[in-house]
Amino acid sequence: MVTARALGLVDIFAVAAGIQGQARLQVLPLRVDVYPPTAELFVGARLQYTAVAVNKDGNPLPNVTFQWQLTGANGGGTQAAAITANGVLSARAAARITVRAAIPYGGVLSQ
């Protein structure tokens, strides 16, 4: 039995009846809440986004670092806005975009 204690990747090794096995588990939050959940901005305006990772019991997880991502209306990248590493969004043009907070796990992103 494995009990998760923190977000991240873990490798588990086991031997039973002379047979070795290995599994890699990725510990994820139940959800990531992004604030504000929706917003409209004028071109040239800025808005601070924040995010909270929540565990299976609905409690916030402390000390989680997020990587901010933007997606355009077509599902790809966009030049209509930019977001800093601290979650400050700057609107550059009129467009519909999606803001996501991802948790980096050594090369794997959880959104």
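The values are calculated or read from the model by the stated rules, or taken from the named source; none is laboratory data. Predicted model only: the values in this text are computed from it and were never measured. All Cβ positions, even for glycine, are placed from backbone atoms using ideal geometry, and neighbour counts span all protein chains on display. Remember, those area values only see protein heavy atoms, side chains included, never the ligands or the DNA or RNA. Shrake-Rupley method; radii C 1.70, N 1.55, O 1.52, S 1.80 Å.
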Reported set for the stretch 16-34 where residues are touching a residue at least 12 places away in the same chain (Cβ under 8 Å) and over 16 Å from residue 103 (Cβ atoms) is 23, 24
If you take the residues in the stretch 4-19 that are of a type outside the set (A, V, I, L, M, F, W, C) and out of contact with any Phe, Trp or Tyr (no Cβ under 7 Å at 6 or more places or on another chain), which one is surrounded by the fewest Cβ atoms within 10 Å (Cβ to Cβ)? 18
If I ask for residues that are closer than 20 Å to residue 91 by Cα and open to solvent by 70 Å² or more (accessible area, probe 1.4 Å), which ones from the stretch 51-76 would you list? 67, 73, 74
Per-region count, the stretch 98-108, residues open to solvent by less than 40 Å² (accessible area, probe 1.4 Å) and not aromatic (Phe, Trp, Tyr): 4
Consider residue 47 carefully, then state whether it is on the phi < 0 side of the Ramachandran plot, touching a residue at least 24 places away in the same chain (Cβ under 8 Å) and open to solvent by 50 Å² or more (accessible area, probe 1.4 Å). no
Output yes when any residue across the stretch 53-73 is polar (S, T, N, Q), in contact with a Leu (Cβ under 9 Å, 6 or more places away or on another chain), at pLDDT 90 or above and more than 17 Å from residue 97 (Cα to Cα), and no when none is. yes
Criterion: surrounded by fewer than 11 Cβ atoms within 10 Å (Cβ to Cβ), in contact with a strand residue (DSSP E or B) (Cβ under 8 Å, 6 or more places away or on another chain) and free of Cβ contacts under 8 Å to residues at least 40 places away in the same chain - qualifying residue of 85, 95: 85
Among the residues in the stretch 53-61, are any of a type outside the set (A, V, I, L, M) and part of a strand (DSSP E or B)? yes
